[in-house]
Amino acid sequence: TPEPSAMWLGACAAARSPLAAAAAPPPALPGGSPLPRRLYGGAAMLRPLRRLSRPPRRAAATGPGRRLLLSTPIFYANGPPHIGHLYSALLADALHRHRRLRGAGPGRLSTGTDEHGLKIQQAAAAAGTSPPELCERVSSLFHQALTHAAVSFTDFTRTSEPRHQRAVRYFWGALRDGGALYKGSYEGWYCTPEECFLPESQLTEHRDAQGRPCKVSLETGHQVHWTKEENYMFRLSAFQDPLRKWLRDNPQAISPHPFYQRVLHWLEEDLPDLSVSRERSRLQWGIPVPSDSTQTIYVWVDALVNYLSVVGYPETHGEWWPAVHHVVGKDILKFHAVYWPALLMAAGLAPPERILVHSHWTVHGQKMSKSLGNVIDPFACIGQYTVDGFRYFLLRQGVPERDCDYYDEKVVKVVNSELADALGGLLNRSTALSINPSNTYPCFSESCFPKVLDYRETKGMGRASAEDYEFVASVASLPLQVANYFEGFQIYKALECIVLCVRQTNSFFQRHRPWKLNRKDPAEQLWLDTIIHVTLECLRVYGTLLQPVIPHTADRLLSRLAVEPEERGLSSLTFLARYNGKSCPFEGRQLGPDTGILFHRLEKSRQPQIETKKL
Ligand SMILES: Nc1ncnc2c1ncn2[C@@H]1O[C@H](COP(=O)(O)OP(=O)(O)OP(=O)(O)O)[C@@H](O)[C@H]1O
């Protein structure tokens, strides 16, 4: 039997205990209403509300060196992965890798597959297989796709695993013992693809394939069906105030800000209780409700608990929880920003620290989705554009605040111009044997590039121009700028800044035409070495900062610059030390032996990518 859960609410809203208020019998609603209604017919499952005698466990310390669990969404195993899933995972991966680069505390990156529910039951039937077989195949495709795309996950949870199921049963017990569940009869419009009931306000009239009138979801266009059944209900309505308080106290809890506002807006509206089980006769493919074999736990409750089961709930989760950042698509925002925090509070746990939300990749303006079938195969894209090329494209072009339409020409254009030409070209030019025959990291000359207090007053002081000083200053500030953008979940902006600096470095190189300098003249040689030194220093910064996004290319770049693995963290990233009168460990080093092209230009795609791996 599960241990009685501590009521988080007791601490955060002692004056007004929502569950206690909700313990009164629910009002009877008028029958025959066209709106989806909860008809509270069944026996209430309420147990006496337990008061919290100790504050909620704030396990992970804050500040530098602290632990953090980053999570991708748990992907629904009703069909193979598409590039929308990959995007979600890459965002989380880049954040995870950037933390490692910063030398932040221990981190984990969790992902996995959500394997229960009606949709999977139906997809398996349609594919002529059983749900476990379907899940096995799809889960392994997700595992392969993420591995193939160099997503550095540390944990992959399958919700069919016994350790996860045990955690879900325990969590259910905590909800029940905390008084957050009751049994009632529920009827309403059920959307199977979305696995939820939808209110009338989110529906519109439509015609089905046979031309008969039907109702569909306004947001997704999926058909809904009127469904009536006995379910366990979760007292979500009791959490409206605690949720509002949580968000008001934590304005950074949901980013970007428009999504934070959207959730606050939802919390201003009616927040009905949530049906959290399905009749087992209708849904067999799921975890049975503990001590009621006629019911199956709602797939979303089951799936969300993966974020706890991965950190050892109910035993060892305290080492990580609630130092958790969830990366999620906007389609599952309500589940993560309303239902999940409320469920956690009800189970005596604190809400996650942050929810990082992104928008969708669309095809001809429509969300790419397994159910709609308009998907683009990540395996094909990686095959065509390389791992780093495709990672770069998704993270550079994807803007969390808005949807982005996918087309192949865009990938080729962005990757060729920014990775192959700007970055690869810069490395190639500055390390060419014709310009640097000794193939070493050349020395910096203070007389050519003297330290100045005001770069506008450089006349007659050396060879560097005011423009050069300005450019070097922008590269010097880049690591901090990039870190801020990662922190603000604006990875695309971090990449934009890097590209801008790469272009400035190309201009610097071009401006001084080092290939024209006479190497036989010692003064000219000093200036030539300084130009190359500054350029390689810039490339070292870009290579270091790009590791979270294009790990293979960054590795190649840094190896060419003879940067050792232990010198690739942000703490060792002292840019242009010699300008500041310090020694530079790279000066005089032999450059790496790989003189090949850093990033080959991509060919234009000959076939459309809109096809996917068959199950
Ligand atoms: N088009 C997309 N763009 C960006 N992210 C997406 C996209 N589709 C799915 N995701 C991300 O993957 C998560 C899991 O998606 P899910 O497994 O439900 O895929 P789906 O294609 O939307 O499936 P279905 O069509 O069956 O609902 C989403 O919540 C979102 O975070």
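By the helix-only formula, in which each DSSP H run with n ≥ 4 contributes -39500 (n - 2.57) and the sum is divided by residues, the chain has a 222 nm mean residue ellipticity of -11000 deg cm²/dmol.
With +1 on the Cβ of every Lys and Arg and -1 on the Cβ of every Asp and Glu, and nothing else charged, how large is the dipole of region 384-522 about its Cα centre, in debye rounded to the nearest 20?
Values: 17 positive and 17 negative charges, 140 e Å.
So the magnitude is around 680 debye.
Remind me, relative contact order of region 136-230 in percent, using alpha carbon pairs under 8 angstrom and six or more residues apart?
Details: 83 pairs, mean separation 19.9, N = 95.
Computed over region 136-230, the figure is 21 percent.
For K451, the aspartates and glutamates whose Cα comes closer than 15 Å to its Cα, not counting residues fewer than 8 places off in the same chain, are E467, D468, E470. Normalised by the number of residues in region 363-494, the mean separation of alpha-carbon contacts (under 8 Å, six or more apart) gives a relative contact order of 21 percent. When the charge dipole of region 464-545 is built from unit charges on Cβ atoms (+1 for Lys and Arg, -1 for Asp and Glu) and taken about the Cα centre, the candidate among V475, C538, G488 whose Cα reaches farthest toward its positive end is C538. Whenever you get a sec, compute what percent of the accessible area on the chain sits on carbon and sulfur atoms (1.4 Å probe). Percent of accessible area from carbon and sulfur atoms in the chain: 52. Farthest toward the positive end of the dipole of the chain, out of I254, G312, H116, is the Cα of G312, where the dipole comes from beta carbon charges about the Cα centre. Can you give me the relative contact order of region 170-304 as a percent, contacts being Cα pairs under 8 Å and 6 or more apart? Relative contact order, region 170-304: 21 percent.
Write down the Å³ per residue value for the convex hull defined by the alpha carbon atoms of the chain.
Numbers: hull volume 103.8 nm³, N = 615.
Per-residue hull volume (Cα only) is 169 Å³.
Computed from Cα positions, the angle between helix 131-148 and the longest principal axis of the chain comes to roughly 20 degrees. Only the Cβ atoms of Lys and Arg (+1) and of Asp and Glu (-1) were treated as charged; on that basis the dipole of the chain about its Cα centre amounts to roughly 560 debye.
Relative to the longest principal axis of the Cα atoms of the chain, helix 491-512 runs at roughly 10 degrees.
Checking the a/c ratio against 1.5 first, then a/b against b/c, what shape does the Cα gyration tensor give for region 422-528? Kindly include the intermediate steps, with their values, before the conclusion.
Details: a/c = 2.63, a/b = 1.47, b/c = 1.79.
The shape class here is oblate.
For the residue pairs K330/K370; K119/K370; K330/K367; K119/K330; K215/K334, the alpha carbons lie more than 18 Å apart in K119/K330; K215/K334. Each of the peptides 571-583, 101-113, 433-445 was scored by the mean count of other Cβ atoms within 10 Å over its residues; in descending order, highest first, they stand as 101-113, 433-445, 571-583.
Indicate, rounded to the nearest 5 percent, the antiparallel portion of the DSSP beta bridges found entirely in the chain.
Values: 33 of 55 bridges.
Percent antiparallel among DSSP bridges in the chain is about 60.
Loop only per DSSP, at most 16 neighbouring Cβ atoms within 10 Å: give me the trypsin sites (Lys or Arg not before Pro) in region 414-501, ordered by residue number.
Numbers: sites: R429, K451, R456, K459, R463, K493; in loops: K451, R456, K459, R463.
Answer by residue number: K451, R456, K459.
Compute the acute angle (0 to 90°) between the alpha-carbon long axis of helix 387-397 and the principal axis of greatest extent of the alpha-carbon atoms of the chain; round to the nearest 10°. Around 80 degrees separate the two axes.
The values are calculated or read from the model by the stated rules, or taken from the named source; none is laboratory data. The structure displayed is predicted, hence computed values, not measured ones. When we count neighbours, we look across all protein chains shown, and the Cβ atoms used for this are built from the backbone with ideal geometry, even at glycine. The protein model used for the area step is the full one, side chains on, heavy atoms only, and it has no ligands, DNA or RNA in it. Shrake-Rupley method; radii C 1.70, N 1.55, O 1.52, S 1.80 Å.
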